[in-house]
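Report on the following structure.
What follows draws every value from the coordinates through simple rules; no lab data is involved. Please read all numbers here as calculations on a predicted model, not as lab measurements. We place every Cβ from the backbone using ideal geometry, glycine too, and count neighbours over all the protein chains shown.
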Amino acid sequence: MPTYLVGGAVRDELLGLEVSEHDWVVVGSTPDEMLARGFKQVGASFPVFLHAQNGEEYALARTEKKQGHGYHGFKVDFHSGVTLTEDLERRDLTINAIARDQDGELIDPFGGQEDIRQRILRHVSAAFVEDPLRVLRVARFAARFSHLGFRVHESTRELMREVTQSGELRYLAPERIWREIEGAMATDKPSEFVNVLRDCEALLALLPEVDALFGVPQPIKYHPEIDTGTHLLMALDSAAELRKGVAAVVFAVLLHDLGKGVTPEHKWPAHRGHEASGVPLVDALCHRLRVPNAIHDLARKVCSQHLNCHRILEARPTTVLRLLEKLDAFRVPQLLPDFIAACEADYRGRKGLQDRPYPQGEYLARAHRVAAAVFARDLELEGVSGPEVGTRLRKARVEALSVLKK
């Protein structure tokens, strides 16, 4: 039963990166034979099998032919006559279309090794345009491998534009779009994901609220980079550095300034109230992509409260407590470090100011610890009940914060 290691495992080995999972292709077999050998079948569109001992995925070699829109718009053929080369040809990028046989020999019919040496992300064949999700996948790979010097080949960029202009992106399932965005936000260079999508006009098609930020000016006093889109790119990479691999924080930064995209031009470069005007846009985008509730909640709070965090050192104790309450920090304390990181990334995402300290974050974290240490059970509440208990608790927490302020 000819079996080949394929895809990301081979690619990452050649790049000297850690391999997290192994995918295998089996040539010349059938579902019945795989089941007879003890494999467990999973997958609905085409048979994928799990190894009985190690749980790794084994797929039958297959071909795909576009015959409709969306994820299910493919005719899949996995008969025993499908060759390894035919299977590799249906893949997205040449660097993902390399196989290794059981003797360790590489099978590379589309020049993936040379593209790895040249640091190029290039499509395997013209069939690239048949799956619109590949536009997002290429952008994600560009972000993931940016630190290695990879770039998208111009011919592939042209195909990505062709996919966008065809309107096929609108048939993508929200869950699949979100999965690619989440993966890109967990990379070291999320700004490259945005840049690549914007270059092929897919950012406008998929995230118009984000695309609208480019070309919008801000006051040079606070933003030496001026352009809101440029600030966004800088803040994204700052977030990725501050909270490496934490997609939720970077995604919150992606959405934190959406309100600036709807500021009337006659009010530029000021954006008063952009925090409030951005919240409905955050909600609409998150609902459209079916973003998990916890990530949506963080993005919403960063959008509405990031300026209050920036100003926290000048705030009165009552204002500090009010911010902590709006963040629901006493009930969900684990959210606070992510909120602070997103605000710090916004603060540092400015030309020439990338390394400046952010004492506001440390102060807010200390304020939370001080206020959270005050419990109702520790107060003198004899004869007090109902809403008055909450009032007394808030007063005691404000007093504790007053001491911290001094």
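With +1 assigned to the C-beta of every Lys and Arg and -1 to the C-beta of every Asp and Glu, and no other charges, what is the dipole magnitude of the range 1-111 about the Cα centre in debye, to the nearest 20? Working shown, then result.
Numbers: 10 positive and 19 negative charges, 103 e Å.
Its charge dipole is roughly 500 debye.
Which pairs in the list Lys40/Lys66; Lys189/Lys244; Lys301/Lys326; Lys221/Lys326 are over 18 Å apart, alpha-carbon to alpha-carbon? Don't jump to the answer; show the numbers that get you there.
Working: Lys40/Lys66 28 Å; Lys189/Lys244 10 Å; Lys301/Lys326 8 Å; Lys221/Lys326 29 Å.
Distance filter (> 18 Å) returns Lys40/Lys66; Lys221/Lys326.
For the chain, what does the alpha-carbon gyration tensor say about shape, rounded, prolate or oblate, given a ≥ b ≥ c as the root eigenvalues, a/c under 1.5 as rounded, and a/b over b/c as prolate? Spell out each step's value before the answer.
Numbers: a/c = 2.54, a/b = 1.85, b/c = 1.37.
Prolate is the answer for the chain, as a/c is 1.5 or above and a/b outweighs b/c.
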Measuring from label point to label point, each 7 Å out along Cα→Cβ, what is the Glu265 to Leu148 span in nm? 4.4 nm
Helix 190-199: inclination vs the chain longest Cα principal axis, degrees, rounded to 10, gives 60 degrees
Along the charge dipole of the chain, Cβ charges K/R +1 and D/E -1, which of Thr83, Ser191, Ala270 sits furthest on the positive end? Ala270
Please label the shape of the range 1-126 as rounded, prolate or oblate, based on the square roots a ≥ b ≥ c of the eigenvalues of the alpha-carbon gyration tensor (a/c under 1.5 means rounded; beyond that, a/b larger than b/c means prolate, else oblate). oblate
Taking the Cα centre of the range 92-201 as the origin and placing charges on Cβ (Lys, Arg +1; Asp, Glu -1), which of Gly104, Thr94, Ser146 is farthest toward the positive end of the dipole? Ser146
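Which value, in debye to the nearest 20, gives the size of the charge dipole of the range 265-406 about its Cα centre, when Lys and Arg are +1 and Asp and Glu are -1 at the Cβ?
300 debye
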How far, in nm, would the chain grow between Glu21 and Glu162 when pulled straight, counting 0.36 nm per residue and subtracting the alpha carbon separation? 47.5 nm
Cross-link reach list, aspartates and glutamates versus Lys267, counting only Cα pairs under 18 Å and skipping chain neighbours closer than eight places: Asp227, Asp257, Glu275
What shape does the range 273-406 have by the C-alpha gyration tensor, where a ≥ b ≥ c are the square roots of the eigenvalues, rounded means a/c under 1.5, and otherwise prolate means a/b greater than b/c and oblate the rest? oblate
Give me the angle, in degrees from 0 to 90, between the Cα long axis of helix 174-185 and the longest principal axis of the Cα atoms of the chain, rounded to the nearest 10. 70 degrees
For Ile226 and Thr319, calculate 0.36 nm times their separation in residues minus their Cα-Cα distance, and state this gained length in nm to one decimal. 30.5 nm
Tell me, what is the FRET efficiency for Leu353 and Thr30 to the nearest 0.05, using R0 = 60 angstrom and their Cβ-Cβ distance as r? 0.45
What FRET efficiency, computed as 1/(1 + (r/R0)^6) with R0 = 22 Å and r the Cβ-Cβ distance, is obtained for Thr83 and Gln41, rounded to the nearest 0.05? 0.50
Can you compute the modelled spin-label distance between Ser402 and Glu241, with each label point 7 Å from Cα toward Cβ, in nm? 4.1 nm
Note the angle between two axes, namely the Cα long axis of helix 274-289 and the longest principal axis of the Cα atoms of the chain, as a number of degrees from 0 to 90, rounded to the nearest 10. 30 degrees
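Quick one: length gained pulling Ala376 to Arg394 fully straight, 0.36 nm per residue minus the C-alpha distance? It would help to have the intermediate numbers written out before the result.
Values: separation 18, 0.36 × 18 = 6.48 nm, distance 0.93 nm.
Here the answer is 5.6 nm.
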Quick one: among Lys189, Lys351, Lys301, which has the greatest mean-square fluctuation in a GNM of the chain with alpha-carbon springs under 10 angstrom? Lys351
How much mean residue ellipticity at 222 nm does the chain get from its helices, if each DSSP H run of length 4 or more adds -39500 (n - 2.57) and you divide by all residues, to the nearest 500 deg cm²/dmol? -15000 deg cm²/dmol
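In µm²/s, what is D for the range 160-236 at 25 °C and 0.890 mPa s, where D = kT/(6 pi eta Rh) by Stokes-Einstein and Rh is the Kirkwood radius from Cα pairs? Don't jump to the answer; show the numbers that get you there.
Details: Rh = 13.5 Å.
The diffusion coefficient I find is 182 µm²/s.
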Given +1 on the Cβ of Lys and Arg, -1 on the Cβ of Asp and Glu, and no further charges, what dipole in debye does the chain carry about its Cα centre, rounded to the nearest 20? 1980 debye
